[in-house]
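Worksheet for the structure shown next.
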Amino acid sequence: MTVAEVAVRLGTTERFPRRLIAERRIRFVKVGAHVRIPESALTEFIAAGTVEPITVEWSNGKAVA
């Protein structure tokens, strides 16, 4: 995927994926002067940042972990 395509998928500007690349926070492939991000790398990046909700149980009006 191009940087522009990744930006659209993430709902950001192109600056954000370029920063991820510069900081080596996402896998990428250089093809000559072009940079491409594999779709699997983007999926992994999104999954790594996903926070699952917790289940809160209540007992006597108090939250119990």
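Computed from the coordinates by the stated procedures, all read-outs in this text should not be read as laboratory data. On a predicted model such as this, the values are computed, not experimentally measured, just so you know. No Cβ is skipped: glycine too gets one built from the backbone with ideal geometry, and neighbour counts run over all protein chains shown.
Taken about its Cα centre, region 3-64 carries a charge dipole of roughly 360 debye when the Cβ of each Lys and Arg holds +1 and the Cβ of each Asp and Glu holds -1.
Taking label positions 7 Å along the Cα-Cβ direction at both V64 and I46, the computed distance is 3.8 nm, reported to one decimal.
Mean-square fluctuations from a GNM of the chain, with a 10 angstrom spring cutoff on Cα atoms, peak among R19, R27, R36 at R19.
Of the GluC sites (Glu not before Pro) found in region 1-45, the ones in coil according to DSSP and having at most 12 other Cβ atoms within 10 Å of their Cβ are E23. In region 3-64, taking the dipole from charged Cβ atoms about the Cα centre, the farthest positive-side position among A41, L20, I54 is held by L20. The Cα atoms of region 3-64 define a convex hull whose projected area, averaged across directions, is 6.0 nm².
Net length available on complete extension from A4 to R19 is 4.1 nm, with 0.36 nm assigned per residue and the Cα-Cα distance removed.
Under the membrane-span-like helix rule (DSSP H runs whose alpha carbons stretch at least 27 Å along the helix axis, mean Kyte-Doolittle hydropathy 1.6 or higher), the chain yields none.
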